[in-house]
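What follows is one structure encoded as structure tokens, with my remarks underneath.
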Amino acid sequence: MARKRGGFGLLAYAVLYLAFLYVPVLFLPLFSFNNSTFIAFPLSGFTTQWYGQMFADEAVQQALFNSLRVGAAAALAATALALPAAKALTRYRVPGGAAVLGLTNLSLFIPEIVLGISLLILLSALGIPLSLWTVTLGHIVVCAPFAITVLMSRMEGFDKNLEEASLDLGENGWMTFWRVTFPLALPGVISSLLLSFMVSFDDFLIAYFLVGNDATLPIYIWGQLRFPYKLPSVLALGAMILVTSAILVVVAEWVRSHGLKDRHTMVGA
């Protein structure tokens, strides 16, 4: 009986915790279907016209295209940089490895506004004009710690004998990495790409300081909030971003957990 009460208490706590996290967010898609330009209860009716206006807006399409380009480039670069770093930190005794890992993750704990201002000062000192390239550079700095964390969790626990066996059979280091290590790390690589893309796609502060004339989607949304009549379309756009981000998180976690199951099966075999 006491065990059942404990289980019910944990379930109630989990429900309340999830409600605290996500119920405020649900107001965004709710009002995106409201047939009114005012955000207030009661709802005046159901409509999808704000989504139609959003998809017909060429400025939205351009901002979305910019965010997709920046997100894809930042995800690829961050994962490419993180892959050898994760391999080195999990496979070899790197002098000061703990300190190196701590420094690598330091950008996670620096407020983004401080990081954005620092990067802006650096780029200005170097005479580099602000553009989508500078936004991509800033996003690589932000995404790299996430990529390293995901890849290290994937690589830790690998059976080193597989790589050693490949080397003993005559393969060089590169071919061992390409034919043994990379296939085993592939779920982590995919998960890192998805997570890094999502972090870049949703970022506002870094892009706010480093963007030039071409706005990313969060910057465009921020600019449209000055016009109250455009607020319903912004809500529809925010709802689309929310759904897309949730899907990417679920897919990234599924790929990562699927890779862990395969690894456990391999180890068990």
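Put simply, of Ala144, Ala236, Ala246, Ala185 the only residue that is surrounded by fewer than 19 Cβ atoms within 10 Å (Cβ to Cβ), small (Gly, Ala, Ser) and part of a helix (DSSP H, G or I) is Ala246.
Would you say Phe197 is over 16 Å from Phe65 (Cα atoms), open to solvent by 30 Å² or more (accessible area, probe 1.4 Å) and part of a helix (DSSP H, G or I)? The answer is no for Phe197. Would you confirm whether any residue within region 68-85 is at pLDDT 80 or above and assigned to a loop (DSSP other than H, G, I, E, B)? The answer is no, given that none of the residues of region 68-85 is at pLDDT 80 or above and assigned to a loop (DSSP other than H, G, I, E, B).
May I ask you to list pairs of residues, at least six apart or on different chains, whose Cβ atoms are under 8 Å apart, with the first in region 207-219 being over 8 Å from Ala63 (Cα atoms) and the second being part of a loop (DSSP other than H, G, I, E, B) and among the acidic types (Asp, Glu)? Filtered contacts from region 207-219: Pro218/Asp203.
Among the conditions (1) of a type in the set (A, V, I, L, M); (2) within 24 Å of Asp214 (Cβ to Cβ); (3) open to solvent by less than 70 Å² (accessible area, probe 1.4 Å); (4) outside any helix (DSSP H, G or I), Val94 misses just one, which is (2).
In the set Phe20, Phe31, only one residue is part of a helix (DSSP H, G or I) and touching a residue at least 60 places away in the same chain (Cβ under 8 Å); that residue is Phe31. Within region 147-182, being under 27 Å from Ala73 (Cβ atoms) and open to solvent by 70 Å² or more (accessible area, probe 1.4 Å) holds for Thr149, Trp174, Trp178. Residues that are among the polar types (S, T, N, Q) and part of a helix (DSSP H, G or I) within region 104-135 comprise Thr104, Ser107, Ser118, Ser124, Thr134, listed in sequence order.
The values are calculated or read from the model by the stated rules, or taken from the named source; none is laboratory data. Owing to the predicted nature of the structure, the values given are computational and were not obtained by experimental measurement. Glycine also receives a Cβ, built like all others from the backbone with ideal geometry; neighbour counts cover every protein chain displayed. These area figures cover heavy atoms from the full protein model, side chains too; ligands, DNA and RNA do not enter into them. Shrake-Rupley method; radii C 1.70, N 1.55, O 1.52, S 1.80 Å.
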